[in-house]
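Colleague: So that we are looking at the same thing, I have put the structure below in structure tokens.
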Amino acid sequence: MRKWRRKYYDIFSKFYDWIIKLHSQDKSEALREFLIKKAEINSGFKVLDICTGTGSVAIKAKQMCSECKVYGLDFSKGMLEKAKAKDKRIGWILASVTNMPFKSETFDVVLCSHAFYELKGLEKFQALEEIRRILKPKGKFLMMEHEVPKNKFIKLLYYIRLASMGSADGFQFVKKELEIFAKYFKKIKKDHSPTGRSKVIIGIKE
Ligand SMILES: C[S@@+](CC[C@H](N)C(=O)[O-])C[C@H]1O[C@@H](n2cnc3c(N)ncnc32)[C@H](O)[C@@H]1O
């Protein structure tokens, strides 16, 4: 199953940046900046962007903190090839979020932009377990996702994405995500992007 999902993302990688540009009307740059500012990264920090895709968030983090050590992780070779071609200063890692090749307590910050809901069923929980393991004490996980859209048609597309890319119970996860995060992190905060269309949930490890 995972093999086919990877293949899907490998094919998607060929159009991904183009589709994002079209869909976001160039607002995605500001959104990435917003996420990284929220992470409050500082010189010397180790930062990991999971489900990095073509690497835009990891690259933005490196641009905003050149003294940070930045990594981008994804299980699609196609996506990572696109990312590597854009920036060689980042450590690009081919792996699944359910089994990350890092020692415990390695990272100050883990980021995930518009990808967490696409993890299949149990993968979301395995990923949260792994994120907590690789974060240093007081380290932060920031998950940015779309808010539930107000427009009825867009809302329908949003639910289709949740069910098809994530899992049938994806909607339940969205409803209970703060409760779920509270099981993995000591402190939870929620914020909204300036456009109001995305949210960031921040989990801080004990
Ligand atoms: C919608 S893209 C998001 C890309 C990027 N975060 C962004 O904001 O542009 C979702 C990404 O998650 C990756 N992905 C899905 N399941 C994964 C898993 N189990 N482990 C690692 N990466 C995964 C896909 O390969 C894809 O690149």
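Colleague: Place +1 on the Cβ of every Lys and Arg and -1 on the Cβ of every Asp and Glu in the range 65-105, take the dipole about the Cα centre, and give the residue among Pro101, Met79, Cys68 whose Cα lies farthest towards its positive end.
Modeller: Met79
Colleague: Do the alpha carbons of any pairs in Lys60/Lys88; Lys21/Lys175; Lys7/Lys60; Lys7/Lys86 sit beyond 19 Å of each other, and which pairs?
Modeller: Pairs exceeding 19 Å: Lys21/Lys175; Lys7/Lys60; Lys7/Lys86.
Colleague: Let me ask another. Using Cα centres only, tell me the gap between the range 29-50 and the range 167-206 in whole Å.
Modeller: 17
Colleague: Can you give the Rg and Dmax of the range 93-205 based on its C-alpha atoms, in angstrom?
Modeller: Using the Cα atoms of the range 93-205, the pair Rg, Dmax is 14.2, 44 Å.
Colleague: In nanometres, what is the gap between the two model label sites at Trp4 and Asp17, each 7 Å from Cα along Cα-to-Cβ?
Modeller: Taking the simple label geometry, Trp4 and Asp17 are separated by 3.0 nm.
Colleague: Work out the length of the dipole vector of the chain about its Cα centre, built from +1 on the beta-carbon of each Lys and Arg and -1 on the beta-carbon of each Asp and Glu, and round it to the nearest 20 debye.
Modeller: For this selection, approximately 120 debye.
Colleague: Counting heavy atoms of the protein chains only and a 1.4 Å probe, report the per residue accessible area for the chain as a whole number of Å².
Modeller: I get 54 Å² per residue for this part.
Colleague: Around Trp92, which amide H atoms from residues at least 5 apart in sequence, or from another chain, sit under 5 Å from its own amide H, with H modelled in the peptide plane?
Modeller: Amide H neighbours of Trp92, under 5 Å, 5+ apart: Gly72.
Colleague: Take every Cα-Cα distance within the range 2-204, group them into 10 Å bins from 0 onward, and report for each bin the whole-number percent of pairs it holds.
Modeller: 9, 37, 41, 13, 0
Colleague: I'd like the carbon and sulfur percentage of the solvent accessible area for the chain, probe radius 1.4 Å, heavy atoms only, ligands and nucleic acids excluded.
Modeller: Whole-percent figure for carbon plus sulfur exposure: 57.
Colleague: Taking amide H positions as placed 1.01 Å from N in the peptide plane, with prolines and chain starts having none, which residues 5 or more places from Thr52, or on another chain, fall under 5 Å of its amide H?
Modeller: Result for Thr52 returns Leu73, Asp74.
Colleague: If you average the sequence gap of Cα pairs under 8 Å that are 6 or more apart and divide by the length of the range 53-178, what percent do you get for the contact order?
Modeller: Relative CO of the range 53-178 lands at 21 percent.
Colleague: Still on this structure: For the chain, what does -39500 (n - 2.57) per DSSP helix run (n ≥ 4), summed and divided by total residues, give at 222 nm, in deg cm²/dmol to the nearest 500?
Modeller: Only helices count here, giving -13000 deg cm²/dmol.
Colleague: Who wins for biggest fluctuation among Leu73, Leu22, Leu128 in a Gaussian network model of the chain, springs between alpha carbons below 10 Å?
Modeller: Largest GNM mean-square fluctuation: Leu22.
The values are calculated or read from the model by the stated rules, or taken from the named source; none is laboratory data. Computed from a predicted model, the values in this text were never measured in an experiment. Note: ideal-geometry Cβ built from the backbone for every residue, glycine included; neighbour counts use all protein chains shown. What goes into the accessible areas is simple: the full protein's heavy atoms, side chains included, and nothing from ligands, DNA or RNA. Shrake-Rupley method; radii C 1.70, N 1.55, O 1.52, S 1.80 Å.
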